[in-house]
Each structure stands twice: as C-alpha cells, then as structure tokens.
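These notes concern the structure reproduced below.
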C-alpha cells in the first residue's frame, strides 16, 4: 500500500537544531556575559548544550545552572521567550532537506510538519529555512493544545491532512515524543538518528534524510518490516 501523508518533526529532523542552538547560546553568552578566555567560554557553551538536552529540559534549568556553576546571572526577564525568538531567527536546514522534500512531493506524497512549540516561532523557523513552501501544512502543539507524544496531537494532524493512521508515516528524532507517540497512534514511525548513544528498538531508522525515500518505498513494498 502506498502511503498518502508523511509527517515530519522539525527540530533535528528538518532543522539542524544542534547547530543553531549552539549559535544561540554563543550569542547569549557574548551579549550578556562576555568571556575572554576561549576555553572557559567553550566550557560554558558545552554545558548549556548538555543542560538544554535538545530542547527536552525546561529553560529555567539552564538559567539556574549558569548561576550555580559559573555565577552567571542573566538580565533577561523571560528567558524562554528570548530563546525562542533568537533561536528561530538563527534556524538552519539539515543536509539534503530540499532535495528530499522535492522528491517526495513529486512522487505525490502530502507533507506536513508536526512539531512541539510556539506557533509563531516554529513557523518562523520553517519560513527562514524555506521549507514552508515545500510542505502542505505546519501544525504546532500550541495550535492543537497538547504536545507530542499525546495521541491527540497526532489524531488532529491526521484529521487536518484527511488521512487514516495506516496511510501515514512519521519521521522524527526524539524517540519518546516522535517515534513512540506516532507508534501508539497507529502511524508508522521512521527514526532519524541524531544521537550517539545506542538504540535497539526494531523500528526503521535512517542516519540522513537522503535515505528516507528508499525506506518509505521499502515499507510500501514489504521489504522493510512495519511496526503498525
């Protein structure tokens, strides 16, 4: 059976979140607490990346740890809003994004970005890296009122794309939010790996977006085992 809809996560799936997050932290430190010693500066930046945990930790955790570990107090009233604004303006695409999205569109698939986050900032990211015109729809957790992995956000996305769960695949990097969330909604997940630690779950996985069309075709033709 040929799939009709392909859902994508955004950060670290279509967008190179690790790079633009590092750049955002660098701007933060250089603007509000410049550090002349480049080794110390890098230590602070690397800790910020660890504390951020690819967007899965509350941003207040970063603020508190900067003060606790380095004595850095940020003169920013709402760090989450500052972060969301600056990061969205620095967004960068992952390699092969444009080629793959164009190829999938030409093959007749409908494409949708389904992402956690504020509508304003997530849509700005898609526009800034020029993928907004390559997908049919962008749906955010703020628009739906619940976040991944809640099945309701996947169900709402299916409704908006006028597809059944069996007619869709979901491509994402965060296992709990993206892969498990899609799986328990009945959507076939495809895991794009962006971490160095192991993962053994028997789900289709890719290391680069360029591998995606072949995996989708394999699922359709039965040469790759489905999970749902």
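Can you tell me, using C-alpha contacts under 8 Å and at least 6 residues apart, the relative contact order of the chain as a whole percent? Write out the running numbers ahead of the final one.
Working: 340 pairs, mean separation 53.4, N = 228.
Computed value for the chain: 23 percent relative contact order.
Considering every Cα-Cα pair within the chain, what fraction, in whole percent, is farther apart than 23 Å? Spell out each step's value before the answer.
Numbers: 12653 of 25878 pairs.
Summing the P(r) of the chain above 23 Å gives 49 percent of all pairs.
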### Distance between segment 50-81 and segment 1-34 - C-alpha centres, whole angstrom
17
### Message
Using helices alone, I'd like the mean residue ellipticity at 222 nm for the chain: each DSSP H run of four-plus residues gives -39500 (n - 2.57), total over residue count, nearest 500.
### Response
-13000 deg cm²/dmol
### Query
Tilt of helix 119-128 relative to the longest C-alpha principal axis of the chain, in degrees (0 to 90, nearest 10)?
80
### Message
Based only on other Cβ atoms within 10 Å, what is the fewest-to-most ordering of 79, 61?
### Response
61, 79
### Message
Compute the distance from the alpha-carbon center of segment 105-143 to that of segment 170-228, in whole Å.
### Response
19
## Note on the structure
Across 5 Å bins beginning at 0, the whole-percent shares of Cα-Cα pair distances in segment 17-89 come to 3, 16, 31, 31, 16, 3
### Task
Report the relative contact order of segment 17-89, percent, no decimals, based on alpha-carbon pairs under 8 angstrom and at least 6 residues apart.
33
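Provide 161, 49 in ascending order of the number of other Cβ atoms located within 10 Å of each residue's Cβ, fewest first. Numbers along the way, then the final one.
On the way: 161 21, 49 15.
Fewest to most other Cβ atoms nearby, the residues stand as 49, 161.
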### Message
Compute the angle between helix 38-52 and the longest alpha-carbon principal axis of the chain, please, reported from 0 to 90 degrees and rounded to the nearest 10.
### Response
40
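Only the coordinates and a few stated rules stand behind these numbers; no lab work does. Worth saying up front: this structure is predicted, and the values here are computed from it rather than measured. Here the Cβ is made from the backbone with ideal geometry for all residues, glycine too, and neighbour counts use every protein chain on show.
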